[in-house]
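Working notes, beginning with the structure itself.
What follows is calculated from the coordinates using simple rules that are stated; it is not laboratory data. None of these values were measured; they are calculated from a predicted model. Virtual Cβ from ideal backbone geometry, glycine too; neighbours counted across all protein chains shown.
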Amino acid sequence: MISKLNESLVLLTYKEKILLMIRNYIFNSGAQKIWRLVGGEKENNESFEKTITRCIKEEMNIEIADVKFLLVSPGDNKNTYFYHGKLTDNNVNLIERSEGQELQFFDLKELDKLQLATTADIFFTKNRNIVEGLLIN
């Protein structure tokens, strides 16, 4: 039996905007920029919450105090667990980018103009009301 992959992704918000990332982009390569949520695959014996905090630390070298579970999206080969975290002014000021990495804030309307990773695209399409509610709170 083939075991399913488990992935944790986090919707990071700050002042009514969403933080998205591009990983390993090579400038002038001709490759299309594909925006995604921060996150990654769960490691053995790691909770989904721990996966999120580890990925945030690895991708941006920051720690956020609180991530909240939103929903799980089951798939044939992969279950994706979505979380939400609010960034503070201090978090944003301390973000470090890796080489080839792009991080940018977008409002909800701007997402329609972006090339999103499939998982992010499906999440925003199916859960727009949830995202809108998180952005105004």
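Observations
- Calculated FRET efficiency for the pair Val92/Ile122, C-beta based, R₀ 25 Å, to 0.05: 0.40
- Using 0.36 nm per residue and subtracting the Cα-Cα separation, the extra length available between Ile136 and Asp66 on full extension is 23.4 nm.
- Cα-centred dipole magnitude for the chain, charges only on beta-carbon of K, R (+1) and D, E (-1), debye, nearest 20: 240 debye
- Taking label points 7 Å from Cα along the Cα-to-Cβ direction, Asp107 and Lys33 give a separation of 1.9 nm.
- Translational diffusion of the range 5-136, estimated by Stokes-Einstein from the Kirkwood radius over alpha carbon pairs at 10 °C in a medium of 1.306 mPa s, is 105 µm² per second.
- Dipole orientation for the chain: of the candidates Gln101, Ile136, Ser73, Ser73 has the Cα lying most toward the positive pole (charges on Cβ; Lys, Arg +1; Asp, Glu -1).
- For the chain, built as a Gaussian network whose Cα springs stay under 10 Å, the top-fluctuating residue of Gln104, Gln115, Gln32: Gln32
- With 22 Å as the limit on Cα-Cα distance, the pairs of Lys86/Lys113; Lys17/Lys57; Lys68/Lys113; Lys17/Lys78 that go past it are Lys86/Lys113; Lys68/Lys113; Lys17/Lys78.
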